[in-house]
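The values are calculated or read from the model by the stated rules, or taken from the named source; none is laboratory data. Predicted model, so just to flag it, every value in this text is computed and none were measured. Cβ placement follows ideal geometry from the backbone for every residue including glycine, while neighbour counts extend to all protein chains displayed.
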Amino acid sequence: MGRKRAHHGSRRRGRTGGARTRARTLTGELVVSLPGVARVETAEGDFELVRHGQREAMNGDVVEVALVEMRGRAPRAVVRSVIERSVETFLGSFSWAGPLGAVTPLDARLGRDFFVVPEDSSPSRLGVSEGDVVVARISEYPTRRSSAVVTIERRVGARDEVDLNVESVVATFGLPGDFSRSVLEQAAAIELGVERALVADASRRDLRGRLCVTVDPVDARDFDDAVGARRLEGGGYELDVHIADVTHYVSPDSPVDNEAKRRTCSAYLVDRVIPMLPERLSNEVCSLVPGEDRLAMSVLMRLDERGRVRGFSATPSAIRSAARLDYDAVDAVLSGASRPEELPCAPGDVERVFLMLETLDEIRGLRDLERRSRGAIDFESVEARVRLDEEGRPTGVSVRRRTRATGLIEEAMLLANECVAQLLERSGAPAAFRVHEPPLEEDLRSCVQPLRELGLLDGAATSELLSGSPFAIRGVLERARGTDAAQAASALLLRAQRRAVYLPFNEGHYALGATAYCHFTSPIRRYPDVLVHRALKAALAGRPDGPEMRRQAAALPQLCRTCSERERAADAAGRMSQRVKMAELYLGLVGQRASGTVSGCAGYGVFVTLDETCAEGLVPVRSLGDEWFTFDDGRMTLTGEETGEVWRLGRRVVVEVASANPARGQIDFSLAPSDRSQGAPSSTR
């Protein structure tokens, strides 16, 4: 028999656990990332659980843990007791287990089956059959001596009526369901009232005669930002950014506000949007639809001929968008692939809109240069989105990259966010700032050897990289651009970055090179933007420390933490839902070949990202060859001990689709016969 397995290099040899030296107790929140993989978040830091240390606790529970310190290893935790339960109801699949009913949660992190006792009539009363998806309410939580008991609260549908894989994602990441009746009733009663708002507020400017348009993805349904621009006779530009005035309609602690506060953001899944605000607001009253009057918060900026800000003002406003444009149409016009007359706007506006788009594109180029000069880092942005038919079945993949059209909107939004953040910092109004700290040296150090393997880093540049210099990071990315190593280099350096978070104080934004930054431009889909709008209005009215702002200041620390956490969950759910449908697509393509690039290495195989669809799959180590492989986690390489063949990041390969598991969002590849015989890896430069 062949030896088709890998063992780790010297850095992982000889690991042994030491004797327990001491234990103490802490209280924190249990966070389960995968079944059997959990940590507890405490005031003294986060600690991973030991194997089987979760016991009867479930994701989100407040627990008491014993912290055990091991010689030579980081402290680990074991659950001693559950203080407060977080899960009351969940979505699950029903089945019969003898006289008992059993509900298996779609959220795999709950990690156990729950039972319906024989005397509970809820399954028969609700007409629940084998395999149905149900909402279950926990009546008895699990203990070390007894199983968990539930009652069926609602039948969702039969297995073939529900996309279980996507519903599992919704459940796993705790995404919200339908809006309550009180929220929908309040939203339905909201009236547009543009003229009334202009009369009631003397500070609100009537900008309906000022040309602006919306530019969004072709499938967008809510339009929360509009832009306008013009060249000035003496040189320089005026740039207008108008953002939907959500806070005019949503007052603090109203039913709609409390629900938005609970959701904190919209979640964009492969087959649906789970919105933060009801559709009456997000798609109607607040959406900046073309040809209709809408209330906005506007930032009016004056730029010099190099794109530098020379002044700006912010104001409540009323606007009217001249056209609803999409990125593809704008790119086509700017590149000359289509004529301006093909833009979807009134004939009398065509020339003005086209001139404005050219001006916005000029500003984009200037602002990009300005941000680069101060150390901003642009990671390559590639988004693969699975296309679905009306039945939810995958039909193909659309790959979106940054273009001139997306760039001109992005630069306008970045600049508006910076201007508002600077104004809020000066005024002292309490707001949620978007903070991105520099990467830690230890995280950057893990990139050094792989980047050297890729030929992108030499000794002279290493010290600059380890110091966290954004110019050094950008230098690596620029050297990688256009090579097989580009994707791997970007992924390595992106993983080394710390995640941007919301904080109640400003500490700047490292990757953007901004001294102050906040999220102002998407209040329809992000709650921090709602907080920023309220703070901005208070600052403009000269009441940055009024009663409403004092209440907001008191709530900000917890709100910022919750918004950061829910943002991570929504982002992860979106990615996982795409992976589920990508795997479903490739389940029907087993045996087909495709070319790609090695994007990751582990002791159990190499990950390959395909060129055409950006789908990522695993080539198990058994498929690499009939020999032992040594994994070097410092260099991120797998080396065959007999042939000396090295598998490293950036290597080009041809693979066959071997299998796919949609429920887990996993695709497995095998090496195509032609690639097995290639011998030494190709150059990555």
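Quick notes on this one:
- Breaking point among (1) at pLDDT 90 or above; (2) closer than 30 Å to P278 by Cα; (3) surrounded by 14 or more Cβ atoms within 10 Å (Cβ to Cβ), for V82: (2)
- Considering segment 85-201, the qualifying helices (runs of 4 or more DSSP H), each wholly inside and each with 3 or more residues that are under 23 Å from G392 (Cα atoms) and touching a Lys or Arg at 6+ places or on another chain (Cβ under 9 Å), run over 164-172.
- Qualifying residue in segment 365-376 (condition: of a type in the set (A, V, I, L, M), surrounded by 14 or more Cβ atoms within 10 Å (Cβ to Cβ) and under 31 Å from the mean Cα position of the chain (by Cα)): yes
- Condition met for S81 (without any contact (Cβ under 8 Å) to a residue 24 or more places away in the chain and closer than 30 Å to R24 by Cα): yes
- Hits in segment 473-520 (condition: of a type in the set (A, V, I, L, M, F, W, C), closer than 19 Å to L424 by Cβ and part of a loop (DSSP other than H, G, I, E, B)): A500, F505, L512, A516, F520
- Looking only at residues in segment 221-240 that are surrounded by 16 or more Cβ atoms within 10 Å (Cβ to Cβ), of a type outside the set (D, E) and under 24 Å from the mean Cα position of the chain (by Cα), the one that is modelled with the lowest pLDDT is F223.
- Of all residues in segment 43-71, those satisfying the criterion of being assigned to a strand (DSSP E or B) and surrounded by fewer than 18 Cβ atoms within 10 Å (Cβ to Cβ) are G45, D46, E48, V62, E64, A66, E69, M70.
- Looking at A615, A663, just one residue is surrounded by 16 or more Cβ atoms within 10 Å (Cβ to Cβ) and either at pLDDT 90 or above or outside the structural domain of E442 (by TED's automatic domain parsing) (or both), and that residue is A615.
- Filtered residues of segment 555-607 (kept if closer than 29 Å to A500 by Cα and hydroxyl-bearing (S, T, Y)): T562, S564, S577, T597, S599
Conditions (1) under 20 Å from the mean Cα position of the chain (by Cα); (2) among the β-branched types (V, I, T); (3) in a helix (DSSP H, G or I), marked per residue:
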| site | (1), (2), (3) |
| --- | --- |
| E548 | no, no, yes |
| A553 | no, no, yes |
| S564 | yes, no, yes |
| R579 | yes, no, yes |
| T613 | yes, yes, no |
| F631 | no, no, no |
| T639 | no, yes, no |
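- Positions within segment 113-134 being of a type outside the set (D, E, K, R), surrounded by fewer than 18 Cβ atoms within 10 Å (Cβ to Cβ) and more than 15 Å from A97 (Cβ to Cβ), in sequence order: S121, S124, L126, G127
- Conditions (1) farther than 17 Å from T247 by Cα; (2) out of contact with any helix residue (DSSP H, G or I) (no Cβ under 8 Å at 6 or more places or on another chain); (3) crowded, with 16+ Cβ neighbours inside 10 Å; number of the one not met by S595: (3)
- Among residues of segment 32-50 that are of a type in the set (S, T, N, Q), those with a beta-carbon under 6 Å from a residue that is modelled with pLDDT of 80 or more at least six positions away or on a different chain give the pairs T42/L26; T42/G28.
- The number of residues in segment 363-380 that are of a type in the set (D, E, K, R) and not in a helix (DSSP H, G or I) comes to 3.
- If the condition is being free of Cβ contacts under 8 Å to residues at least 12 places away in the same chain and part of a loop (DSSP other than H, G, I, E, B), then segment 381-404 contributes D389, E390, E391.
- Candidates V166, V183, V218: the one that is at negative phi, exposed (fewer than 13 other Cβ atoms within 10 Å of the Cβ) and either β-branched (V, I, T) or not assigned by TED's automatic domain parsing to the domain that holds A322 (or both) is V218.
- Taking the listed residues E453, E425, E464, the one that is over 24 Å from the mean Cα position of the chain (by Cα), acidic (D, E) and closer than 21 Å to V241 by Cα is E425, with no other qualifying.
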